[in-house]
1. Scan segment 128-135 and tell me whether some residue there is without any contact (Cβ under 8 Å) to a residue 40 or more places away in the chain and touching a Gly at 6+ places or on another chain (Cβ under 9 Å).
2. So which residues in segment 289-323 are among the hydrophobic types (A, V, I, L, M, F, W, C), surrounded by 21 or more Cβ atoms within 10 Å (Cβ to Cβ) and over 18 Å from Leu237 (Cα atoms), if there are any at all?
3. At pLDDT below 95 and crowded, with 21+ Cβ neighbours inside 10 Å: is that true of Leu230 in this structure?
4. Within the set of pairs 6+ apart or on separate chains, which have a first residue in segment 245-261 that is in contact (Cβ under 8 Å) with a residue 60 or more places away in the chain, a second that is surrounded by fewer than 16 Cβ atoms within 10 Å (Cβ to Cβ) and not acidic (Asp, Glu), and C-beta atoms under 6 Å apart?
5. In segment 136-160, which residue that is without any contact (Cβ under 8 Å) to a residue 40 or more places away in the chain and charged (D, E, K, R) is farthest from Ala182 (Cα to Cα)?
6. Output the residue which, of all residues in segment 46-92 that are more than 21 Å from Ala132 (Cα to Cα) and among the acidic types (Asp, Glu), is modelled with the highest pLDDT.
7. Only one of (1) outside any helix (DSSP H, G or I); (2) closer than 30 Å to Ile309 by Cα is not met by Arg67, so which one is it?
8. When you go through (1) under 30 Å from Tyr152 (Cα atoms); (2) touching a strand residue (DSSP E or B) at 6+ places or on another chain (Cβ under 9 Å) one by one for Asp199, which number turns out not to apply?
Amino acid sequence: MSKVCRTILLSAVIALSTAGCDAIKQGIEASQQAVENLNQAAENLNVGSKDDQILEAMNSYASASNRLSHSRDSFPEMLAKYKKQDFANSTKDIKKVDTFFDPDRLKWGIEELEKARKFTLGAPYDKLEAAADNLLAALRPFYKTADALEKYRKSKEYIEDKGAFAKSQDEQFIKEAEAFVAAALEFEAAHDAASLIHDEAYIKQLRARGETRRALVHEATLSFKKLLNLFDDKGDLKDPDKQAQADALIDAAKVSIETLLAENEKYTGDKDRDHSKIVGATEKLNSLLGDAREFKASKYSAKKYDSLIESYNRYIQFTLNMM
C-alpha cells in the first residue's frame, strides 16, 4: 500500500509515507530544493561538532532517498514492469523501450550518498552507514547500465537495430536492478530506524537549549510520522494492536500541540523573532490533528489514511518553506 518518500523538516529528518508519490511530485521537488539549500548552507560552515556532522549526513541521506524515490511505484514494482518487457526472449522487433528507473535520479542519489559518507557517524548510525555503502556499490554499475539504455531509448535507436541493444543488455540490467532494489529496500529500513533516533535526539537538544516551542513542534510532528509509518499495507489498518498504537500516538500529538498552544500565549513577536512562524506551524499541526481524528473515527479506513498522508505532506512543505 505504501510508497515511502522522505524530506526534511528544519534540521530533523522526517520520513513521509505515501500511497502515491506522483500526487505530490511537485511538492517533493520543491522540498528537494529546500533540502539542497540546507545542505549548501551546511557546506559553507565549518562543520566541526559531532552534532553538526550528524545533521549534515542525515540531511544528505534524506536527500538521497528523495532523489531515488521518484515514482508512484515501489522499486520492486518498477523492476517488475521492466521485466514484463522481456527483451531477451522477444522473437519480434522491439518497438518500445522503457527503463522505468530514471538514470538522472540514480546519479543524484549516488551524489547525495557520497556526501553523507564523507562523515563516519558510528553507533547508533552504523547500520545506516553500512546500508548506504551497499546501496552505493549497487547503484554505481546500475546507473551506467540504465543510463546507456535510456540514451538508447531516447534516440529511438531500436528502430534501426530492431531492439538488438536492448536484448543484449537485458540480462545485465535485470541483475543490476535486482541488486539495487534489494540494497535500496535495506537502506530505506535502516534510514527509517536512524531518522527516528536522530529526530528524538534533536528534540532533546532543542529542549536542552531552552527552545521549548521548537521541540514541541518536532515532537508533535514525530508523533504523526510514527502514526503514518505504523501501516505498511491495508491489512495493518485493521490490526487491533496497530490501531491501539495509533490511538496513543494521536493522544501524544494532542498533548504536544496543546502544550505548544499554551507556550505560544507567553510570547509576542517582540520577544521571539520566529514567533509568527511557530504560530503558523502550530495552526497547521492543529489542523493535522483534526485529520488524524477523522482517520481514527473512520475506524482507520484506507481512504482517510491517504487523506492524512496528503495533509502531512502539505504540512511538511509548509514548514520547509516557513521555517
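1. For segment 128-135, residues without any contact (Cβ under 8 Å) to a residue 40 or more places away in the chain and touching a Gly at 6+ places or on another chain (Cβ under 9 Å): present.
2. Ile316, Leu320 - these are the residues of segment 289-323 that are among the hydrophobic types (A, V, I, L, M, F, W, C), surrounded by 21 or more Cβ atoms within 10 Å (Cβ to Cβ) and over 18 Å from Leu237 (Cα atoms).
3. Working: at pLDDT below 95: yes; crowded, with 21+ Cβ neighbours inside 10 Å: no.
Criteria not met by Leu230.
4. From segment 245-261, no pairs qualify.
5. It comes out as Glu160.
6. Only one residue fits best here, namely Asp86.
7. Result: Arg67 passes all but (1).
8. (1)
The values are calculated or read from the model by the stated rules, or taken from the named source; none is laboratory data. Quick caveat: nothing in here was measured; it's all calculated off a predicted structure. Using ideal geometry, Cβ is built from the backbone for each residue, glycine included, and neighbour counts are taken over all protein chains shown.
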